[in-house]
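For reference, the structure discussed in these notes is given below.
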Amino acid sequence: AKIYLPKRTYSLASEKQIQFQKVSIRNTKTRWGSCSHKNNISLSLHLMKLPYELIDYVILHELAHILVKNHSKKFWETLEKICPNSKELDKKLKNYDLINFYFE
């Protein structure tokens with residue numbers, strides 16, 4: 001996770017031309033990822049237990065927060081532009097419960 005997730009984040013950010021400050025990997029219990037107001041991205045190491053398409057979705061979701069800092073309609077439109085099929089991927093992600101991964 002500490003090698004793959006930062007590399008993948010930098011790769012997707014470069015591809016989508018979105019700049020962020022830094023990325024950190026944490027053993028989180030409640031969130032797959034987050035983006036601070038300073039544009040620092042934090043990702044859960046438990047992402048590695050998800051299918052790759054969902055890992056990318058979470059990373060792109062956090063990168064979209066660089067552009068729109070909330071979950072407004074504009075955010076979801078922005079996410080859809082950088083991650084086509086984001087609504088379907090979001091539904092798939094809801095089938096995974098992070099708290100269950102934490103205790104595995």
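Every number here is computed from the coordinates shown, using simple stated rules; none is lab data. Fair warning: this is a prediction, and the values are worked out from it, not measured in the lab. All Cβ positions, glycine included, derive from the backbone under ideal geometry; neighbour counts span all protein chains shown.
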Checklist outcome for this item: As a Kirkwood estimate from alpha-carbon pairs, the stretch 18-58 has a hydrodynamic radius in angstrom of 10.7 Å
Next on the checklist: Student exercise: in the stretch 26-99, how many lysine pairs 8 or more apart or on different chains have Cα atoms under 18 Å apart?
Outcome noted: 12
Checklist entry - (1) 13.3, 38; (2) 12.7, 36; (3) 24.1, 79: which one is Rg and Dmax of the Cα atoms in Å as calculated from this entry? => result (2)
Item to check | Leu67-Leu45 pseudo-label distance in nm [points 7 Å out on the Cα-to-Cβ vector] | outcome: 3.2 nm
Next on the checklist: Placing +1 on the Cβ of each Lys and Arg and -1 on the Cβ of each Asp and Glu in the chain, which of Phe20, Thr9, His61 has its Cα farthest towards the positive end of the resulting dipole?
Outcome noted: Phe20
Item to check | the stretch 1-78: trypsin sites (Lys or Arg not before Pro) in DSSP loop, at most 11 other beta carbons within 10 Å | outcome: Lys2, Lys38
Checklist entry - Quick one: putting +1 on the C-beta of Lys and Arg, -1 on the C-beta of Asp and Glu, what dipole do you get for the chain around its Cα centre, in Debye to the nearest 20? => result 320 debye
Checklist entry - Which is farthest toward the positive dipole end of the chain among Asn85, Phe75, Tyr52, measuring Cα position about the Cα centre, with Cβ charges +1 (Lys, Arg) and -1 (Asp, Glu)? => result Phe75
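Summing -39500 (n - 2.57) over the DSSP H runs of n ≥ 4 in the chain and dividing by its residue number, what mean residue ellipticity at 222 nm do you reach, to the nearest 500 deg cm²/dmol?
On the way: 5 runs with 52 residues, N = 104.
The helix contribution divided over the chain gives -15000 deg cm²/dmol.
What number, in percent, do you get for the relative contact order of the chain if the mean sequence gap of Cα pairs under 8 Å and at least 6 apart is divided by its residue count?
26 percent
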